[in-house]
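Here is the structure we will look at.
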Amino acid sequence: MWAFWAQAPDARAQAILDRGMTRRAAFDFLGALADFDLLIAYCPDYAEGYNQRAFVHYLRQDYATALPDLDRAIALSPRHVAALSGRALSLFGLQRISEARAALGAALILNPWLPERSLAIPGGALSQEPVQPAPPSGEDL
């Protein structure tokens, strides 16, 4: 799926996307944001532009700013697992736990092997079932 999302509509868009991803990987977040802004202006119906810009905001821990981009990416590509899981993580960062749980559930329906699934298992940060403490052993008494 990643190869599908990372395939931009044309060569110019691909060059902008690639440059932005390279800048993001080098922690040049301002440069990456500038590239993704340019990509979105050039290709406003390309979901990955919004997802990549949201990812930079997420890395900067600006979760509230990431959400509108994630919502737009999902509106354009409802099965965009990365945007769905990014939405869950951003909501979690904002401590909007029930919304994060629902967003993660939607992502896990599409890909149950996402690394974020550990948040949903019993005792995970987004689990509805807390881990039960182990009964005391004879050594604990």
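Can we say ALA47 is over 18 Å from LEU119 (Cβ atoms) and out of contact with any Ser or Thr (no Cβ under 7 Å at 6 or more places or on another chain)? In short, no.
Would you point out which residue out of GLY86, GLY105 is in a helix (DSSP H, G or I) and either in contact with an Asp or Glu (Cβ under 7 Å, 6 or more places away or on another chain) or modelled with pLDDT under 95 (or both)? Write out each step before concluding.
Values: GLY86 fails: either in contact with an Asp or Glu (Cβ under 7 Å, 6 or more places away or on another chain) or modelled with pLDDT under 95 (or both).
Just one listed residue meets the conditions, GLY105.
Look through ARG24, ARG87, ARG72 and report the one residue that is charged (D, E, K, R), more than 23 Å from GLY105 (Cβ to Cβ) and in contact (Cβ under 8 Å) with a residue 12 or more places away in the chain.
Values: ARG87 fails: more than 23 Å from GLY105 (Cβ to Cβ); ARG72 fails: more than 23 Å from GLY105 (Cβ to Cβ).
On inspection, the qualifying residue turns out to be ARG24.
If you check ASP28 against the conditions, is it in contact with a Gly (Cβ under 6 Å, 6 or more places away or on another chain) and acidic (Asp, Glu)? Taking the combined requirement at face value, the residue does not satisfy it. Across the range 74-83, the number of residues qualifying as assigned to a helix (DSSP H, G or I) and closer than 16 Å to PRO112 by Cα comes to 3. Residues that are within 21 Å of PRO112 (Cα to Cα), surrounded by 24 or more Cβ atoms within 10 Å (Cβ to Cβ) and at pLDDT 95 or above occur at least once in the range 62-71.
Taking the range 34-54, which residues are surrounded by fewer than 24 Cβ atoms within 10 Å (Cβ to Cβ), part of a helix (DSSP H, G or I) and over 16 Å from the mean Cα position of the chain (by Cα)?
Filtering the range 34-54 for residues surrounded by fewer than 24 Cβ atoms within 10 Å (Cβ to Cβ) gives 34, 37-38, 40-47.
Narrowing further to those that are part of a helix (DSSP H, G or I): 34, 37-38, 40-42, 47.
Within the range 34-54, ALA34, ASP37, LEU38, ILE40, ALA41, TYR42 qualify.
For the range 11-21, the tally of residues that are over 18 Å from the mean Cα position of the chain (by Cα) and in contact (Cβ under 8 Å) with a residue 12 or more places away in the chain stands at 4.
The values are calculated or read from the model by the stated rules, or taken from the named source; none is laboratory data. Given the structure is predicted, the values throughout are model-derived calculations rather than measurements. In this analysis, Cβ positions are derived from the backbone assuming ideal geometry, glycine residues included, and neighbour counts consider all displayed protein chains.
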